[in-house]
Structure formats: structure tokens, C-alpha cells
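Chemist: Handing you a structure now.
The values are calculated or read from the model by the stated rules, or taken from the named source; none is laboratory data. Note that the structure is a prediction, hence the values are computed from the model and not measured. Cβ sites come from the backbone with ideal geometry, for glycine too, and all protein chains shown count toward neighbours.
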């Protein structure tokens, strides 16, 4: 089982779809199954988010390293039953598509 995770920050849906197809195609061709698991990090303290930070609706502004570490923890803990989920990485709650 291969897991592919896409963060929602800065990736448009078309780009995310292309990434998934490009990454998953060789895995599927090799006879392995693929699970897609999308993670939402809330607002991350980066140059990209700088213009939006004053309107940040979240209680905490996270550093990129902290977000990356949490995402890795979440991906390592997911299984085939998690495929198709869109999850807030801090609360663990599913986000409706």
C-alpha cells in the first residue's frame, strides 16, 4: 500500500490531481494499491501566508517544521481505511469536501 498526501496550502485542485495521477500511476502499474489522504495544516507561518496572517482565524500560527513533523506523524499512522479523508492535522477531525 502506498500513501500519497497532499497539503491543501498553495496547491490548486488541478495541480493536486496531476500530482496524484503522476505519483500514483507507477505504483498502480506495479500492482500495488494507492490510498489518498489529504491534510489541512491551518495557517502556516511562511512568506506565502504573510499577507493573510492578520486575518488568521486560528488560535495558533504554526512554524513549517512543526507542520511537517505533524504531517509525517499523521501519514505514518494512516491505513487503507483512511483513503479519501481530508483531515485537520491538529484536531484530527474530518473536513467535508
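Chemist: Residue check: is residue 47 assigned to a loop (DSSP other than H, G, I, E, B), over 18 Å from residue 96 (Cα atoms) and at pLDDT 90 or above? Walk me through it before giving the result.
Modeler: Details: assigned to a loop (DSSP other than H, G, I, E, B): yes; over 18 Å from residue 96 (Cα atoms): yes; at pLDDT 90 or above: yes.
It is true that residue 47 is assigned to a loop (DSSP other than H, G, I, E, B), over 18 Å from residue 96 (Cα atoms) and at pLDDT 90 or above.
Chemist: Take residue 67 and tell me if it is in a helix (DSSP H, G or I), surrounded by 10 or more Cβ atoms within 10 Å (Cβ to Cβ), at pLDDT below 90 and within 14 Å of the chain's Cα centre (by Cα). It would help to see each step written out before you state the result.
Modeler: Numbers: in a helix (DSSP H, G or I): yes; surrounded by 10 or more Cβ atoms within 10 Å (Cβ to Cβ): yes; at pLDDT below 90: no; within 14 Å of the chain's Cα centre (by Cα): yes.
It is false that residue 67 is in a helix (DSSP H, G or I), surrounded by 10 or more Cβ atoms within 10 Å (Cβ to Cβ), at pLDDT below 90 and within 14 Å of the chain's Cα centre (by Cα).
Chemist: With the checklist (1) more than 24 Å from residue 97 (Cα to Cα); (2) exposed (fewer than 13 other Cβ atoms within 10 Å of the Cβ) in hand, flag the one item residue 77 doesn't pass.
Modeler: With respect to (1) more than 24 Å from residue 97 (Cα to Cα); (2) exposed (fewer than 13 other Cβ atoms within 10 Å of the Cβ), residue 77 is out only on (1).
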